[in-house]
Every structure is written in C-alpha cells, then in structure tokens.
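Trainee: My questions will all concern the structure given below.
The values are calculated or read from the model by the stated rules, or taken from the named source; none is laboratory data. Fair warning: this is a prediction, and the values are worked out from it, not measured in the lab. Neighbour counts run over all protein chains shown; Cβ positions are idealised from the backbone, glycine included. When the accessible area is computed, the model is the full protein with side chains, heavy atoms only, and any ligands, DNA or RNA have been set aside. Shrake-Rupley method; radii C 1.70, N 1.55, O 1.52, S 1.80 Å.
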Amino acid sequence: MSVIPFYAEQAGECMLFEHAWQQQLPLLIKGPTGCGKTRFVEHMAARLKRPLVTVSCHDDLSAADLVGRFLIGNGSTHWSDGPLARAVRMGAICYLDEVVEARKDTTVVLHPLADDRRILPIERTGEELAAPPEFMLVISYNPGYQNLLKGLKPSTRQRFVSLSMNYPSSQVEVGIVQNEAGISEAQAKQLVQLAKALRALTEHDLEETASTRLLVSAGRLMASGLPLQLACQAAIIDALTDDLATAQALAEVVHALFGDTA
Ligand SMILES: Nc1ncnc2c1ncn2[C@@H]1O[C@H](COP(=O)(O)OP(=O)(O)O)[C@@H](O)[C@H]1O
Ligand SMILES: [Mg+2]
C-alpha cells in the first residue's frame, strides 16, 4: 500500500480536485511559490490512486518534449513517448508546473486535451490518443511574477477549472511546519509569526516573500539543533534576497520579534 503524502487542507480544495477529476475537467492552480501546490497534487493523485506524471516547465520546453519524438538508435528509428503522451496512455494525472514558462507551441497540444474532445494528436505518427476517463490535466502558475506577455491566453485558461491558492492560515501553517520539520508547536508558532511579519512588509521590492516551504526549511534546521536566528537567516532571509540592505531590514524583523539569543 502506498502512503498518501501529508497535506493540510486550506479550504475545500481536496473536494474541488476530486469533483473536477470525476467530471473529467482539467484544473488550473494559481498561487505563489512554496504555498503547497505540488504537495497538494501529489496528495490528491495518491488519494485517487492514480499515477502522477510531473513536468517542470521551462522556456525551452516544446510540444515535442511533451508529446514525444523519433529517436535514432541501433540503425533504426523508433518513437518515444514524451511525458504527456505517457500520462494519457496510463490514465495518469499529468501536472505541468509553471506552464506559462513553456514555449507557445505547447498550447497546440494542450487545447484539444483540455476541452471536451480530450484527445492528444501526435502529429509525427498520425496517432490520435483518446484520454481515458481517469486521465486529468493539471497546470499551475504563479500570477505574482509573471510578466504580461507570459500570462495564459484566455482561450487556454477558459478550458480549465481554476483554484486560487495562497499561504495557509496561521493555524493550519503552524500544523504544517510542526509536522514537516518535526519541531514543537511553540517553535512552529515562532516561525509562522515571523512569516506574518515578513509577508506584511511592502516597502522592499522582494520578488517573493516567506513561503511555507521556507518556514519548513528553517524548522528543519531548528529540529537539527540550529538556533532560531541562524535558521531564519539561512533558510528565510538569505533565501529571499541578495541585497544587503534588504537582508538587514529583514534581519531587524527577526531581531525585533525574538531578540538576540532566541
Ligand atoms: N498544505 C500543506 N500541507 C503539507 N505540507 C505543505 C503544505 N503547504 C506547504 N507544505 C510544505 O511546503 C513545501 C513546499 O510546498 P510545495 O507544494 O512544493 O509548494 P509549491 O509547489 O506551491 O511551490 C512542501 O514540501 C511541504 O513541506
Ligand atoms: Mg511546485
């Protein structure tokens, strides 16, 4: 029996995912880095007992990378499925992380798969794969740092049911950090308190702010014996900025909350 990865629900998203899967609707998850999108998809795939195929999209990723290509080997050529074709054949959940990073030609293969045709045309072989009912397409993106040019086209996004995620409420986040890092509730509360203070800062032009992921990293350093202030410096402050003045300002927030010898 496979274990279901731990996921603390924020607000009904597990039910939404399950119903979207049952209705054969693709899902778009929006949210900042480190808020739990990947963990959520891993959790739901395990709960629904479907294999998960994850693709981290980047600006070089093309339709052929997703669908597949002919490979030459041993004097002959043979077709090799890309991750998307593999996921369709297996009836898997296919998760395209940071989909707007991918090259524009990828939308050509996503569109017929994301509407009610549910087919993946493989141009190079002439094959047309029909997605089985268990197959689900899930894409994510981070609206925070996307430039306008890179936003999702309306014709793409309207094919997806959308879920907006953000950092969890304090109470839920304390539970996550405690569980993931293996620290006490009191320690987890300190980290969440710090995150709240850092997230409220608007005067520094940080590209991103203290995410749940960073709190978990800091917590793990603490679990292994590093003092709170050093853990926060390494896992949160220096992870967020390279700018000395900004790092100083963030360190002052840590100092104001916990003093010197926490
Ligand atoms: N709701 C949650 N339940 C359990 N763990 C979480 C949750 N949210 C965040 N985490 C923790 O934060 C880490 C980063 O989350 P992740 O899913 O990778 O973020 P994202 O994909 O949004 O960038 C996870 O590895 C996990 O430790
Ligand atoms: Mg992720």
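Trainee: With springs only between Cα atoms under 10 Å apart, run a GNM on the chain and tell me which of HIS78, HIS19, HIS111 wobbles the most.
Mentor: Sorting by GNM fluctuation, first place goes to HIS78.
Trainee: Could I ask something else about it? Hey, if you drop one equal point scatterer on each alpha-carbon of the stretch 170-258 and run the Debye formula without solvent, what base-10 log of I(q)/I(0) do you get at q = 0.23 Å⁻¹?
Mentor: Computed log10 I(q)/I(0) values: -1.11.
Trainee: State, as an integer percentage, the relative contact order of the stretch 170-258 based on alpha-carbon contacts under 8 Å between residues 6 or more apart.
Mentor: With pairs under 8 Å counted, the relative contact order is 29 percent.
Trainee: So, one more: Return the percentage of antiparallel bridges among DSSP beta bridges fully within the chain, rounded to the nearest 5 %.
Mentor: Beta bridges within the chain, antiparallel portion: roughly 35 percent.
Trainee: Which value, in nm² and rounded to one decimal, describes the direction-averaged projected area of the C-alpha convex hull of the stretch 1-111?
Mentor: Mean orientational projected area (the stretch 1-111, Cα hull): 8.9 nm².
Trainee: Calculate one ³J(HN,Hα) per residue across the stretch 244-253 by plugging θ = phi - 60° into the Karplus curve 6.51 cos²θ - 1.76 cosθ + 1.60, and present them in order as whole Hz with x for glycine and proline.
Mentor: 4, 5, 5, 4, 4, 5, 5, 5, 5, 5
Trainee: A follow-up question, please. On the accessible surface of the stretch 2-83, probed at 1.4 Å, how many percent belong to carbon and sulfur atoms?
Mentor: Reported share for carbon and sulfur atoms: 53 percent.
Trainee: Among ASN166, ASN74, ASN179, which one shows the highest mean-square fluctuation when the chain is modelled as a Gaussian network with alpha-carbon springs under 10 Å?
Mentor: ASN74
Trainee: Quick check: with the 1.4 Å probe, what order do MET222, MET90 take by accessible area, largest first?
Mentor: Result, largest first: MET90, MET222.
Trainee: Show the residues, 5+ positions off or on another chain, whose built amide H is closer than 5 Å to the amide H of LEU129.
Mentor: LEU120, ILE122
Trainee: Further question on the same structure: Using a cut-off of under 17 Å, list every residue of the stretch 48-67 whose amide N is near the label point 7 Å from the Cα of VAL108 along the Cα-to-beta-carbon line.
Mentor: What the label zone holds, given the 17 Å backbone N cut-off, is 60-67.
Trainee: Label PHE70 and GLN193 with points 7 Å out from Cα along Cα→Cβ: what is the distance between them in nm?
Mentor: Taking the simple label geometry, PHE70 and GLN193 are separated by 6.6 nm.
Trainee: Right, next: Nearest-5 percent of antiparallel DSSP beta bridges in the stretch 13-164?
Mentor: Close to 35 percent.
Trainee: Same structure, new question: Tell me, what is the per residue accessible area of the chain in Å², probe radius 1.4 Å?
Mentor: Ligands and nucleic acids excluded, the figure is 51 Å² per residue.
Trainee: Go from 0 up to the bin containing the longest alpha carbon distance in the chain, width 5 Å each, and give me the % of pairs per bin.
Mentor: Here the calculated profile for the chain is 1, 6, 12, 15, 15, 13, 12, 10, 8, 5, 3, 1, 0, 0.
Trainee: Please state the relative contact order of the stretch 13-164 as a whole percent: Cα pairs under 8 Å, 6+ residues apart?
Mentor: 34 percent
Trainee: Using heavy-atom solvent-accessible surface (probe 1.4 Å) with all chains present, what is the largest-first order of GLU101, GLU207?
Mentor: GLU207, GLU101
Trainee: Sequence gap at least 6, Cα distance under 8 Å: using those rules, report the relative contact order of the chain to the nearest whole percent.
Mentor: 21 percent
Trainee: Provide the gained length on full extension for the span MET15 to GLU123, in nm with one decimal, where the gain is 0.36 nm per separating residue minus the Cα-Cα distance.
Mentor: The span from MET15 to GLU123 would gain 35.3 nm if fully extended.
Trainee: Would you list which lysines come within 22 Å of LYS49, measuring only between C-alpha atoms, while excluding same-chain residues fewer than 8 positions from it?
Mentor: The qualifying lysines are LYS37.
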